[in-house]
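Written below as structure tokens is the structure these notes are about.
The values are calculated or read from the model by the stated rules, or taken from the named source; none is laboratory data. Since the model is a prediction, treat every value here as computed from it, not as a measurement. Positions of Cβ are generated from backbone atoms using ideal geometry, with glycine treated the same way; all protein chains shown enter the neighbour counts.
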Amino acid sequence: MENKKILLEKHKDIARIDQDIKRTHGWYVRVRYLGKTYSKFFSDRKCGGRYSSLLAALAWRDKTEIKLGKQRTNKHIVTISNSKTGVVGVRHNTKLNRYEVSWVTAFGKQGKTSVSINKHGNARAFAMACNIRKEKETERLADG
């Protein structure tokens with residue numbers, strides 16, 4: 001019964017592949033971290049069945065994340081920033097002269113705030129914005 005439960009659960013970064021035409025059956029693991037992707041396929045035939053290949057895939061994913069220094073969580077984590085600040089969730093709004101901070105709450109809602117450069121100075125405002133983002137991401141990941 002436990003085997004069936006694990007097989008039916010969704011597992012982050014692991015996908016089931018069943019291609020009868022190519023006789024390909026197994027689990028495909030893809031770990032993304034800091035802009036790089038690490039992947040491996042676990043064949044049912046080579047691992048001794050569907051359940052065994054899933055256990056091997058889970059173990060490889062967890063071991064790879066530890067090796068890379070990626071935090072183990074089933075929640076989505078963004079590690080590459082698209083803003084010029086280089087910090088995920090922190091952007092510089094030059095028109096309003098402030099740093100804007102955004103995050104996703106543990107409930108999946110968008111959160112945002114800003115820190116004034118006029119009030120705090122550029123270096124301090126940036127540091128404050130980065131700290132807010134870090135706190136909010138820590139809160140989200142701690143809630144599950």
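Observations
- Condition broken by Arg91, with the remaining ones in (1) of a type in the set (D, E, K, R); (2) surrounded by fewer than 17 Cβ atoms within 10 Å (Cβ to Cβ); (3) at pLDDT 80 or above; (4) not in a helix (DSSP H, G or I) satisfied: (2)
- Count - residues of segment 37-54 that are among the polar types (S, T, N, Q) and part of a helix (DSSP H, G or I): 2
- The set of residues from segment 30-51 being in contact with a helix residue (DSSP H, G or I) (Cβ under 8 Å, 6 or more places away or on another chain) and within 16 Å of Ile17 (Cα to Cα) comprises Lys40, Phe42, Ser43, Asp44, Lys46, Cys47, Arg50, Tyr51.
- Qualifying residue in segment 27-36 (condition: part of a helix (DSSP H, G or I) and at negative phi): no
- Residues located in segment 17-29, provided they are exposed (fewer than 15 other Cβ atoms within 10 Å of the Cβ) and not aliphatic (A, V, I, L, M): Asp18, Gln19, Asp20, Lys22, Arg23, Thr24
- Residue list for segment 43-63, filter: more than 25 Å from the chain's Cα centre (by Cα), surrounded by fewer than 14 Cβ atoms within 10 Å (Cβ to Cβ) and of a type in the set (D, E, K, R): Arg45, Lys46
- For beta carbons closer than 9 Å, sequence separation of 6+ or different chains, a first residue in segment 22-45 that is under 13 Å from Ala56 (Cα atoms) and a second that is outside any strand (DSSP E or B) and among the basic types (Lys, Arg), the qualifying pairs are Gly26/Arg45; Gly26/Lys46; Gly26/Arg50; Trp27/Arg50; Val29/Arg61; Lys40/Arg61; Asp44/Arg50; Arg45/Arg23.
- Residue in segment 19-29 that is among the charged types (D, E, K, R) and in contact with a Lys or Arg (Cβ under 6 Å, 6 or more places away or on another chain) present: no
- Check on Thr73, among the β-branched types (Val, Ile, Thr), closer than 30 Å to Cys47 by Cα and modelled with pLDDT of 90 or more: no
- Filter result (surrounded by fewer than 16 Cβ atoms within 10 Å (Cβ to Cβ) and either part of a loop (DSSP other than H, G, I, E, B) or not hydrophobic (A, V, I, L, M, F, W, C) (or both)) within segment 112-133: Lys112, Thr113, Ser116, Asn118, Lys119, Gly121, Asn122, Arg124, Asn131
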